Amino acid sequence: MRNSYSLKFRTTAVTVLILFVASIFIADLFRIQIISPEAYSSSVSLSKSSTTVKAVRGEILDNKGTSLAYNVASYSVYFDGSYFPRSTDKASRNELVLKLINLFEKHKLEYNAMLPIEFKGNEIVYKEDSRAMKEKLFEKGYLNLNMYATAQNCFDALVDYYELQDYSAKNAIKLASVYFAMVNADFSRSQPFTFAENVSDEVVYIIKEQSRYYTGVEVRVDTSREYYDGSIAPHIIGYYDYIDANEYEAQTKKYEEQMADETLSDEEKEVIKLRSYGMTDKIGKFGIENAMEEELKGTNGLSTTTITADGNKSTAVTTEPVNGNNVILTFDADFQQKVQKILNSRVENTKGNSSTAAAGSVVVLDVNDFSVLACATYPSFDLTTYKENVIELNNDATSPLWNRALRSTYAPGSTVKPAVAIGGLEEGVVTSSTPIFCNVYYKYFSDQTFQCFNNNSHGGSNQYVDTAIYNSCNVYFYEVGRRLGIDRLSSYFRKFGLGEKTGVELTEATGVVAGPEEREAAGGTWYPGDVVQAAIGQSDNLFTPIQLACYVATLANGGTKYKAHFVKAIKSADYTETVYEAEPTVIRELNISEESKEAVKKGMVNLGSSFSAFRDLKYPIACKTGTAQVKKRVNGVTVSYTNGFMIAYAPADNPQIAVAIAIENAMSTGLAVYVAEICEAYFNLTSDVQPAQTSNEILS
């Protein structure tokens, strides 16, 4: 009985134990599969990898919302490391990549390849400006070469490394170039490699149709940069293209410095990482594309690819990309285009010496905040064809890529006379009623005589501030400049912003204000007579057209110098948020007396009324012309010619816009036509203005 009872007891106990353990497993299985399956889904996956999801670059728009540089959908071909032939299977990889190269070359499409060596004739040499890429070649663990290796040594090492012995030298270097680009892009299962962008529909169709022959070669819909009209403000909008070695090196250094900040959180470091650049990324090269890179770029996201035990592959975005902000400029595309056409059509008509190519620029500012309303340079280029023509453009003797409005500096000639007049009046060396007799020759200095070249209309008469501006009398301004002295004279030039950067977002020249320090720094000697030359815009004075525009805008508004700017606002990618909105930024107040302002204005308005080009306008123009003699080497011969300038503001009695024109190899007298056409183009787009004054015409 005891044995029977004991057996039953043990049997029951074991059964209860089994049922208890089974219930635990059943409950756990229920929790895993029904209650929270997502928490355990990874248990059946073989691998997980994250890849970058590219942020869409922000757009560049004009002040009315016209997209000047925008994105359009395009196809990109990339290598997916999960399926692409492994690096250990070099034969399959070589066969696949060469097939792809041949396909793209047959259809004349570009693909991503970089290598600091190339064929030159039958010789393999290093490319020019390839230092950073050469250093990558010599990194430890790659080819194991020293820095003294020749280009041929590198090529031989690449052939061995990638097992390219069975290929011709030209095909081997093509393959090695793609592989080197893959190395620089950190190609892996988690990091795809973009082989090509802007791929044609025809090639995409071939790759998809023959997908069994292109293992791991995938097609995705991307975006590419397009332009409303590539000829509109190309120097301002700028260009966006693949990062070069120097840019990559600079961005990598910046990234390392940011990541070295120990106060950053993990989330902040992740953002910095997602905003970093790879060697196959694109970056703004110049213009707004470059200046506003941080705003336009955006922040990349991440997608996670999971491969399960049964071979299924799934991808989900785990970190959403943040697309770039949109940059809104201060100018209207239609007005900018009209100013360009005026400049282009007029430059050749005002051309002087036929052996010297004509060129020039125009800047138009809003006098109330110095926002740039137009900025044109001639000769120019087209952004839509920039890449294919860049070598020709760089070699063009007329320098169409050079932004003359911001980066060229000129002796400004008589355009500085209003500033000299303000200085003389404010410092008390003359008053509006002080006469200075013009007898054509200025002989204050015993060892040197200076001449008033524009003396037909006023030689042998007393000149006052307004008449001296009207007549552009050199003798009057020689004397005012001498009385001021170079220190006070140069200080007034600087107060008006001449010889200093204007503050625009783009690269601009500083210029030079004439004076002893500048002359001696250049290795020369300053003489007492140099001050009178400086007072008529000669000597060492060198100013940019945009500085002249800021100067005349300061005259127009009564003496407030603002920071010039091209960016009106920055909007979020979906335009729901204003990230930045430009406000007038005062650099300095000149505090000019009303008497001084009125005296100078009177001279400029009287001059404006003398030009027939302004007579049909409904509002008065205040202006000042200037010419400067220049010598230049052309085809080995020294050629003398003049540069012509005009500064103006309109309407004279209620200033709204300021204009500065600089034309190389031209006389200033023809520039009134430019100003008249520019003013009409602007005011026809905006509002009616006051009627004009008229009087007899003179040449100045």
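The values are calculated or read from the model by the stated rules, or taken from the named source; none is laboratory data. A quick note: this is a predicted structure, and the numbers were derived from the prediction, not measured. Please note: Cβ atoms are built from the backbone with ideal geometry, for glycine as well, and neighbour counts cover all protein chains shown. Calculation scope for accessible area: heavy atoms of the full protein, side chains included, ligands and nucleic acids excluded. Shrake-Rupley method; radii C 1.70, N 1.55, O 1.52, S 1.80 Å.
What the table below lists for this structure:
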quantity	calculated
Failed item in (1) assigned to a strand (DSSP E or B); (2) of a type in the set (D, E, K, R); (3) under 25 Å from Thr502 (Cβ atoms); (4) open to solvent by 20 Å² or more (accessible area, probe 1.4 Å), with Lys597 passing the rest	(1)
Single condition Val586 does not satisfy, out of (1) open to solvent by 10 Å² or more (accessible area, probe 1.4 Å); (2) in contact (Cβ under 8 Å) with a residue 60 or more places away in the chain; (3) of a type in the set (A, V, I, L, M, F, W, C)	(2)
Among (1) free of Cβ contacts under 8 Å to residues at least 60 places away in the same chain; (2) open to solvent by 50 Å² or more (accessible area, probe 1.4 Å) - the single one Glu295 does not satisfy	(1)
Residue pairs meeting the criteria (Cβ under 6 Å; at least 6 apart or on separate chains; first farther than 9 Å from Tyr410 by Cα, in segment 532-546; second part of a loop (DSSP other than H, G, I, E, B) and at pLDDT below 95)	Gln533/Ser539
Hey, Asp281 closer than 23 Å to Lys387 by Cβ and of a type in the set (Asp, Glu) or not	yes
Residue, modelled with the highest pLDDT, within segment 53-94, restricted to residues that are open to solvent by 50 Å² or more (accessible area, probe 1.4 Å) and assigned to a strand (DSSP E or B)	Tyr70
Residue in segment 389-441 that is surrounded by the fewest Cβ atoms within 10 Å (Cβ to Cβ), counting only those that are of a type in the set (Ser, Thr, Tyr) and closer than 26 Å to Gly644 by Cβ	Tyr441
Residue that is nearest to Ala628 (Cα to Cα) [pool: residues in segment 414-444 that are outside any helix (DSSP H, G or I) and aliphatic (A, V, I, L, M)]	Val440
Among the residues listed as Thr431, Thr449, the single one being farther than 24 Å from Asn541 by Cβ, among the polar types (S, T, N, Q) and within 47 Å of the chain's Cα centre (by Cα)	Thr431
Residues (open to solvent by 20 Å² or more (accessible area, probe 1.4 Å) and among the aromatic types (Phe, Trp, Tyr)) located in segment 610-665	Tyr641
Residue within segment 361-376 that is farther than 30 Å from Tyr478 by Cβ, in a helix (DSSP H, G or I) and open to solvent by 20 Å² or more (accessible area, probe 1.4 Å) present	no
Scan of segment 245-260 for residues that are open to solvent by 60 Å² or more (accessible area, probe 1.4 Å) and over 18 Å from Met292 (Cα atoms), ordered by number	Asn246, Glu249, Lys253, Glu256, Glu257, Gln258, Ala260
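Quick grid of which residues meet (1) more than 22 Å from Val367 (Cβ to Cβ); (2) open to solvent by 10 Å² or more (accessible area, probe 1.4 Å); (3) in contact with a helix residue (DSSP H, G or I) (Cβ under 6 Å, 6 or more places away or on another chain):
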position	(1), (2), (3)
Glu505	no, yes, yes
Val512	yes, yes, yes
Pro528	yes, yes, no
Phe543	no, no, no
Val552	no, no, no
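Okay, residues lined up against (1) part of a helix (DSSP H, G or I); (2) open to solvent by 20 Å² or more (accessible area, probe 1.4 Å); (3) among the polar types (S, T, N, Q):
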site	(1), (2), (3)
Leu96	yes, no, no
Phe104	yes, no, no
Glu110	no, yes, no
Lys140	no, yes, no
Asn144	no, yes, yes
Tyr148	no, yes, no
Leu175	yes, no, no
Phe195	no, no, no
Val204	yes, no, no
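So that you can scan it fast, the table gives a plain yes or no per residue for (1) under 30 Å from Leu103 (Cα atoms); (2) in contact with a strand residue (DSSP E or B) (Cβ under 7 Å, 6 or more places away or on another chain):
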residue: Gln210; (1), (2): yes, no
residue: Thr223; (1), (2): yes, yes
residue: Tyr227; (1), (2): yes, yes
residue: Ile232; (1), (2): no, yes
residue: Ile237; (1), (2): no, yes
residue: Asp241; (1), (2): yes, yes
residue: Glu249; (1), (2): no, no
residue: Lys254; (1), (2): no, no
residue: Ala260; (1), (2): no, no
